[in-house]
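*Asks:* Before anything else, here's the structure in question.
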Amino acid sequence: MTDAALNPQANYRLGLVLVTSSALAWSTAGLFTRIIALDVATMLVWRGMFGALGILAVAVAMQGRSAFSDFGRMGWPGWIFAIISALGMLCFITSLRLTTVAHVSIIYATVPFVAAGLAWLFIRERPTKSAVIASAVSLAGVAFIVGFGAEGSLTGDILAFGMTFALAAMMVISRRYPDIPTMPAACISALLSAALAIPFSPGLAVSGTDLGLLALFGLVNSALGLALFTLGARLLPAIETALIGALDAPLAPIWVWLFFAEIPGAETMLGGAVVFAAVLTHILLQRRRI
């Protein structure tokens, strides 16, 4: 079924499910970067290659051979989307090694403001009042954790903000050009992130255990997360996508806590709770309207 065949309410609900699922998949990044004891560049190369293979497999399963022809109609918006996505992923994974998972996740909660600003500037999309209020509350949570939390590093935080800007730009591009072949764009993005990391890798030889973990990292976090995001982002206003995607913030530290007993600081937990409450309240209010 095409997007045109869906009514606005169905579009919103489908977009909500897809973007929420992508946030869940992306929230595992911090966990994988802690489990896999490799340098960042090597990890990015293998993650990108497995992610590209996973996305391609999903596309072929959904469309058959016609999936390959979609690569030929990417157009300049699709290539810009793929390049920005690849650069954002480089910032994302690197930041996870330089600062805490909690800081990266909570900084991402500023993306609604960035997305709203870019959406208004380039496509004149005005956010709803509840989305702006929820974004402001999320930003308050971010300011609290970054301003008062002791953990983290400046370089890692700057890279996390770079990732945030890239994701906001991807949301606006998807919204402005909904006909971009999303699966090919996501596949090329994963390959580009791998290609950009190769010159910085000391070598691609890894153990069998690490290879299995890298495959899981690529398939779950890259392939599943990026595919769900690119499909869902074109169905929702940019600020809505950003808000729902911010659920990654309270989820990511939970994975690390479960597997490594790394307990976030009180400021991190409070900031994450504020972000989660703001997003959940906004979603509930939107559901009443549709």
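The values are calculated or read from the model by the stated rules, or taken from the named source; none is laboratory data. Since the structure is predicted, the reported quantities are computational estimates derived from the model, not experimental observations. Cβ atoms come from the backbone with ideal geometry, glycine included; neighbour counts cover every protein chain shown. Accessible surface areas use protein heavy atoms only, side chains included; no ligands, DNA or RNA. Shrake-Rupley method; radii C 1.70, N 1.55, O 1.52, S 1.80 Å.
*Asks:* Of the conditions (1) out of contact with any Asp or Glu (no Cβ under 9 Å at 6 or more places or on another chain); (2) crowded, with 21+ Cβ neighbours inside 10 Å, Ala61 clears all except one; give me its number.
*Replies:* (2)
*Asks:* Let me ask another. Evaluate the following for Ala67: is it within 20 Å of Leu231 (Cα to Cα), of a type in the set (A, V, I, L, M) and crowded, with 22+ Cβ neighbours inside 10 Å?
*Replies:* No.
*Asks:* Now a separate question. How do the pairs read when you match residues in the stretch 126-139 that are at negative phi with residues anywhere that are open to solvent by 20 Å² or more (accessible area, probe 1.4 Å) and basic (Lys, Arg), using Cβ under 9 Å and keeping only pairs 6 or more apart or on different chains?
*Replies:* Thr128/Arg289; Ser130/Arg289
*Asks:* Turning to a different aspect of this structure: Just for the stretch 186-220: of the residues that are free of Cβ contacts under 8 Å to residues at least 60 places away in the same chain and among the polar types (S, T, N, Q), which one is nearest to Leu31 (Cα to Cα)?
*Replies:* Residue satisfying both the conditions and the ranking: Thr209.
*Asks:* Of the numbered conditions (1) within 28 Å of Pro181 (Cβ to Cβ); (2) at pLDDT below 90, Val45 satisfies every one except a single condition; which is it?
*Replies:* Unmet for Val45, out of (1) within 28 Å of Pro181 (Cβ to Cβ); (2) at pLDDT below 90: (2).
*Asks:* Of Ala233, Ala186, Ala215, Ala227, which residue is more than 13 Å from the chain's Cα centre (by Cα) and among the small types (Gly, Ala, Ser)?
*Replies:* Answer to the selection: Ala215.
*Asks:* Consider only pairs whose beta carbons are under 9 Å apart and that are at least six residues apart or on different chains; among these, list those whose first residue lies in the stretch 13-33 and is within 26 Å of Met43 (Cβ to Cβ) and whose second residue is of a type in the set (Lys, Arg) and open to solvent by 10 Å² or more (accessible area, probe 1.4 Å).
*Replies:* So the pair list comes out as Thr33/Arg97.
*Asks:* I need the full set of residues from the stretch 174-223 which are acidic (Asp, Glu) and surrounded by fewer than 14 Cβ atoms within 10 Å (Cβ to Cβ), in order please.
*Replies:* Selection gives Asp179 alone.
*Asks:* Considering only residues of the stretch 114-131 that are part of a helix (DSSP H, G or I) and at pLDDT below 75, which is farthest from Phe260 (Cα to Cα)?
*Replies:* Among residues in the stretch 114-131 that are part of a helix (DSSP H, G or I) and at pLDDT below 75, the one farthest from Phe260 (Cα to Cα) is Lys129.
*Asks:* For Ala215, are the conditions met, namely being modelled with pLDDT of 90 or more, in a helix (DSSP H, G or I) and hydrophobic (A, V, I, L, M, F, W, C)?
*Replies:* Judged against the criteria, Ala215 is a match.
*Asks:* Could I ask something else about it? Taking the criterion of being of a type in the set (Asp, Glu) and open to solvent by 50 Å² or more (accessible area, probe 1.4 Å), would at least one residue in the stretch 22-43 satisfy it?
*Replies:* Yes: the stretch 22-43 contains one or more residues that are of a type in the set (Asp, Glu) and open to solvent by 50 Å² or more (accessible area, probe 1.4 Å).
*Asks:* Need the failing condition index for Ile55 against (1) at pLDDT 85 or above; (2) touching a helix residue (DSSP H, G or I) at 6+ places or on another chain (Cβ under 6 Å); (3) open to solvent by 10 Å² or more (accessible area, probe 1.4 Å), just the number.
*Replies:* For Ile55, the exception is condition (3).
*Asks:* Where the second residue is open to solvent by 50 Å² or more (accessible area, probe 1.4 Å) and assigned to a helix (DSSP H, G or I) and the first is within 18 Å of Ser138 (Cβ to Cβ) and of a type in the set (D, E, K, R) and lies in the stretch 155-178, which pairs have Cβ atoms under 7 Å and are six or more apart or on separate chains?
*Replies:* Asp157/Val146
*Asks:* A further question follows. What are the pairs with Cβ atoms under 7 angstrom where one residue, in the stretch 79-96, is more than 16 Å from Val45 (Cα to Cα) and the other, located anywhere, is outside any helix (DSSP H, G or I)? Sequence gap at least six, or different chains.
*Replies:* Every condition considered, the pairs that remain are Phe81/Ile180.
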